[in-house]
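Below you'll find the structure, written out as structure tokens, and then a few comments.
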Amino acid sequence: MKRRSFIKTAAVAATGFTIVSPNILAGKNYSTPSEKISVALIGCGTQGIRQLMDHITNDGVRFVAVCDPTKSTNNYIEYFDGELKNKIRSFLGDQRWDENEVGCRAGREVAKEIIERYYLNISDGKEKITCRDYEDYRVLLEKENDLDAVYIMTPDHHHASISVAAMRKGKHVIMHKPMATTVAETRYVAKVAKETGVATHMFCAESIHTTPLLSEWIWDGAIGNVTEVHNWSTRPVWPQGWTKYPEEKMDIPEGFNWDLWLGPAKYREYNSAYTHSLFRGWKDFGTGALGDMGHYSFRQIFQMLKLELPVKVEASANIVSEIENQYWLAKPTDISYPNASIVHFDFPERDGMPPVKLNWYDGCLRPPLPKELEIEGRKMPNEGLLIVGDKGKILGGFRGDSPRIIPESKMREYKRPEEYLERPIDGFDQWVNACKGGKPSSARFEAVAKLTETICLGNIALRFDDKLNYNSEEMRFENSEEANNYLTREIRDGWEF
């Protein structure tokens with residue numbers, strides 16, 4: 001779709017959705033409960049391989065193919081020295097795996113090897129399977145006619161295009177956050193999910209049991225009417241805050257299809273500063289600290305407070321200064337996300353709840369120390385969630401884990417209601433069940449689209465000094481035509497979807 005028609009289509013996409021049982025949707029490849037879902041992993045970098053090892057052990061799925069523009073290279077980034085290599089060794093039961101390799105190796109060859117060796121191991125050597133590997137996901141979708149589903153673990157800028165292509169082929173989709181990098185594409189992905197009726201799921205910490213627990217407390221009036229929420233993260237842990245694109249000329253590594261990696265993004269010369277774990281910091285490829293971590297915590301906040309979409313959003317961020325001609329000069333960071341930022345979202349009254357302001361902090365920024373902690377001599381956690389009501393406050397971990405009313409004396413006084421909300425099962429299991437015709441995942445694309453849209457709005461606000469007024473029905477900012485330009489993006493010729 002070209003940009004103008006894309007905006008028009010996305011703007012009129014429904015913001016509320018009707019759940020239709022997958023069993024009554026004609027022509028869909030839903031498996032019976034006893035069958036295994038055949039899955040292709042698309043995106044075989046470090047995070048893709050970590051999650052492959054987490055989920056290949058699920059009895060409901062069978063990984064049959066992998067896809068990545070990287071064949072195999074050893075320049076991936078780990079959390080710490082030997083982190084991924086040792087995980088793979090432990091998983092395969094082979095402490096000598098990659099012993100002659102220096103650095104962290106990943107790519108489609110590594111994912112293929114893990115899949116084939118795992119299935120051989122669990123069959124005691126009796127079942128030798130061949131996992132098919134592809135460089136281009138479009139070729140995979142054309143050739144894998146019997147494939148049931150795709151598991152998308154690519155950089156953010158590919159999420160919308162791959163998921164739409166897969167859903168149009170009738171494939172179920174599970175995907176790392178975000179749904180997309182723009183508001184328009186987020187709505188379009190949700191629209192296609194609704195039209196095709198396939199089972200979808202976005203990873204966004206959907207399995208946390210403190211979410212229904214906190215909902216019960218808040219809806220019980222434990223801290224009165226909630227008017228503010230503060231959520232803070234130490235991310236980014238990757239470099240960002242760049243003021244210009246890298247100028248160094250680099251050769252494209254052997255076995256790496258740079259053009260495919262770029263996909264729908266504007267073409268530029270290869271530089272390793274764009275790829276692997278570094279993509280998150282570039283606005284062309286990632287969604288920054290807010291997109292990386294906000295999905296995990298905002299999902300809980302949205303459920304507890306029954307949030308829809310904000311009506312106002314504003315942001316502030318650190319500046320980068322450089323010396324030019326012997327004086328300091330502030331440099332714009334329009335091409336990358338800042339090293340530290342604060343974003344404020346105003347949500348209107350809804351379902352009997354008053355307006356609420358959601359405040360996001362990253363780059364080790366955080367809200368002031370509440371007096372309730374000060375009088376107890378306690379410090380604020382490095383990452384956390386603070387829910388402020390007109391009768392008290394709740395403090396928890398970043399995603400609301402280990403919540404406590406503060407001060408502790410108030411927690412001891414509070415008589416908790418009996419549990420009555422359903423506690424969620426694992427998010428991957430939710431999706432597998434949905435693929436077999438069961439209950440749709442609570443994090444299906446239609447259900448979490450407003451979450452990704454909100455985060456996209458926050459990233460737009462980081463570009464401007466003004467508070468932006470957002471009209472969600474028309475999908476536009478009422479007070480900034482310039483900001484409206486960022487509700488979508490230009491798609492490179494040949495990559496339209």
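The values are calculated or read from the model by the stated rules, or taken from the named source; none is laboratory data. Every value quoted in this text rests on a predicted model; they were computed, and no experiment measured them. Heads up, the Cβs are rebuilt from the backbone with ideal geometry, glycines too, and the neighbour counts pull from every protein chain shown.
Given ARG404, ARG378, ARG366, which one is in contact with a Gly (Cβ under 8 Å, 6 or more places away or on another chain), over 22 Å from SER215 (Cβ atoms) and either outside the structural domain of VAL173 (by TED's automatic domain parsing) or touching a residue at least 60 places away in the same chain (Cβ under 8 Å) (or both)?
Step by step, each of ARG404, ARG378, ARG366 is checked, and only ARG366 is in contact with a Gly (Cβ under 8 Å, 6 or more places away or on another chain), over 22 Å from SER215 (Cβ atoms) and either outside the structural domain of VAL173 (by TED's automatic domain parsing) or touching a residue at least 60 places away in the same chain (Cβ under 8 Å) (or both).
I need the full set of residues from the range 120-134 which are touching a residue at least 12 places away in the same chain (Cβ under 8 Å) and either of a type in the set (Ser, Thr, Tyr) or not in a helix (DSSP H, G or I) (or both), in order please.
LYS128, ILE129, THR130, CYS131, ARG132, ASP133, TYR134 - these are the residues of the range 120-134 that are touching a residue at least 12 places away in the same chain (Cβ under 8 Å) and either of a type in the set (Ser, Thr, Tyr) or not in a helix (DSSP H, G or I) (or both).
Is it fair to say SER123 is out of contact with any helix residue (DSSP H, G or I) (no Cβ under 8 Å at 6 or more places or on another chain), of a type in the set (S, T, N, Q), in the same structural domain as GLN51 (by TED's automatic domain parsing) and under 30 Å from MET475 (Cβ atoms)?
Here the answer is no, as SER123 does not meet what is asked.
Output the residues belonging to the range 80-97 that are small (Gly, Ala, Ser) and modelled with pLDDT under 95.
GLY82
Out of the range 142-187, which residues are part of a helix (DSSP H, G or I) and closer than 19 Å to GLU308 by Cβ?
VAL183, ALA184, THR186, ARG187
In the range 140-169, what count of residues is obtained for those that are surrounded by fewer than 15 Cβ atoms within 10 Å (Cβ to Cβ) and touching a residue at least 24 places away in the same chain (Cβ under 8 Å)?
Of the residues in the range 140-169, 2 are surrounded by fewer than 15 Cβ atoms within 10 Å (Cβ to Cβ) and touching a residue at least 24 places away in the same chain (Cβ under 8 Å).
I'm trying to understand the selection: among the residues of the range 92-133, which are under 17 Å from ASP59 (Cα atoms) and more than 31 Å from the chain's Cα centre (by Cα)?
The answer is LEU120, ASN121, ILE122, SER123, ASP124, GLU127, ILE129.
For every residue, the table says whether it meets (1) touching a Leu at 6+ places or on another chain (Cβ under 7 Å); (2) surrounded by fewer than 20 Cβ atoms within 10 Å (Cβ to Cβ); (3) in the same structural domain as SER72 (by TED's automatic domain parsing).
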site	(1), (2), (3)
LEU214	no, no, no
THR227	no, yes, no
TRP232	yes, no, no
TRP238	yes, yes, no
LYS244	no, yes, no
GLY255	no, yes, no
LEU260	no, yes, no
TYR270	no, yes, no
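Scan the range 316-346 for residues that are out of contact with any Gly (no Cβ under 6 Å at 6 or more places or on another chain) and assigned to a loop (DSSP other than H, G, I, E, B) and report the count.
Qualifying residue count, the range 316-346: 7.
Exactly one of (1) without any contact (Cβ under 8 Å) to a residue 60 or more places away in the chain; (2) farther than 22 Å from PRO239 by Cα is unmet by VAL311. Its number?
With respect to (1) without any contact (Cβ under 8 Å) to a residue 60 or more places away in the chain; (2) farther than 22 Å from PRO239 by Cα, VAL311 is out only on (1).
Let me spell it out: the conditions are (1) surrounded by fewer than 19 Cβ atoms within 10 Å (Cβ to Cβ); (2) part of a strand (DSSP E or B), and GLY438 meets all of them except one. Which number is the exception?
Against the list (1) surrounded by fewer than 19 Cβ atoms within 10 Å (Cβ to Cβ); (2) part of a strand (DSSP E or B), GLY438 comes up short only on (2).
Take PHE445 and decide whether it is within 28 Å of ARG235 (Cβ to Cβ), surrounded by fewer than 19 Cβ atoms within 10 Å (Cβ to Cβ), aromatic (Phe, Trp, Tyr) and touching a residue at least 60 places away in the same chain (Cβ under 8 Å).
It is false that PHE445 is within 28 Å of ARG235 (Cβ to Cβ), surrounded by fewer than 19 Cβ atoms within 10 Å (Cβ to Cβ), aromatic (Phe, Trp, Tyr) and touching a residue at least 60 places away in the same chain (Cβ under 8 Å).
Identify, from the list ARG187, ARG280, ARG268, the residue that is in contact with a Gly (Cβ under 7 Å, 6 or more places away or on another chain) and among the charged types (D, E, K, R).
After ruling out the rest, the residue left standing is ARG280.
Against the definition (under 22 Å from ASN225 (Cβ atoms) and free of Cβ contacts under 8 Å to residues at least 12 places away in the same chain), how does LYS415 come out, yes or no?
Against the criterion (under 22 Å from ASN225 (Cβ atoms) and free of Cβ contacts under 8 Å to residues at least 12 places away in the same chain), LYS415 qualifies.
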